[in-house]
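Worksheet: one structure, shown below.
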Amino acid sequence: MRTRDSAHVFNFVYRPNASFFCGWRVVNDGRFRWPDGTRLAFVDGDPIDYEVWKDTVIDPDQSDLVEIRITCPIEMGDFKARFQFVTPQNIFFGESIWVIICVRPLTEEEAAMEVVVQPMDPFPRELAVMPYNEGSNHRFRSPVPDPPQDDSMME
C-alpha cells in the first residue's frame, strides 16, 4: 500500500472541536485484493475523534480515495495520531499515515478562511430540506418580492 504523498504526514491547524475531512489516494501495490471489511484505523498516538464511512477494498494495482472525518480535541495543543489499514481479522498492514493537528484559537482572518476552504460533507447524515415558495399562500415566503403584475404585457 502506498499513498500519493511520499511523506505520509499531514499537518492541520484548527480551532478546538472543529470537524474536517481528511483524504488520501491509496494504491494497492500488492498481489491480492484487500479483503471485504478492510478499514483505515487509529493505531497509536494521541486519541483523536474520527469516523470512517466506508470499507476500503482495492484490487491489485488499483487506487481509491480514502476519507475520514476528524473532530479536533477541545484542549489546545499539538496532537499526533497514526493510522493504518486493518483487515476484519484485525491484521494491520501497509504504511502508516500520520495526522498532526495543531489546535489553537484562530485569528479572525484564519476563521474567515476556515469557512471558505472547509469542504462539503461528502457523507451528510440527513439532507437539508429547503422550503419552496409555491405562491403567496405558502407559509415560507421568498425574501425576494414577486415582480409587479402588468396585465398589458399579457395581451
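The values are calculated or read from the model by the stated rules, or taken from the named source; none is laboratory data. Fair warning: this is a prediction, and the values are worked out from it, not measured in the lab. All Cβ positions, glycine included, derive from the backbone under ideal geometry; neighbour counts span all protein chains shown.
Is it the case that some residue within the stretch 11-22 is modelled with pLDDT of 90 or more, in a loop (DSSP other than H, G, I, E, B), loosely packed, with under 13 Cβ neighbours inside 10 Å and more than 16 Å from the chain's Cα centre (by Cα)?
no
Could you check GLU95 against (1) closer than 15 Å to CYS22 by Cα; (2) in contact with a His (Cβ under 8 Å, 6 or more places away or on another chain) and say which number it fails?
Going through the list (1) closer than 15 Å to CYS22 by Cα; (2) in contact with a His (Cβ under 8 Å, 6 or more places away or on another chain), GLU95 breaks only (1).
Of all residues in the stretch 52-76, count the ones that are assigned to a strand (DSSP E or B) and closer than 23 Å to ARG104 by Cβ.
4
For the stretch 77-103, how many residues meet the condition of being surrounded by fewer than 12 Cβ atoms within 10 Å (Cβ to Cβ) and assigned to a loop (DSSP other than H, G, I, E, B)?
Final tally of qualifying residues: 4.
Report, by residue number, each residue of the stretch 56-70 that is surrounded by 15 or more Cβ atoms within 10 Å (Cβ to Cβ) and under 18 Å from the mean Cα position of the chain (by Cα).
Correct list: THR56, ASP64, VAL66, GLU67, ILE68, ARG69, ILE70.
Report every pair of residues separated by at least 6 positions or lying on different chains whose Cβ atoms are under 8 Å apart, first residue within the stretch 14-32 and more than 14 Å from VAL52 (Cβ to Cβ), second in a loop (DSSP other than H, G, I, E, B) and among the β-branched types (Val, Ile, Thr).
PRO16/ILE74; ASN17/ILE74; VAL27/ILE58; ASN28/ILE58
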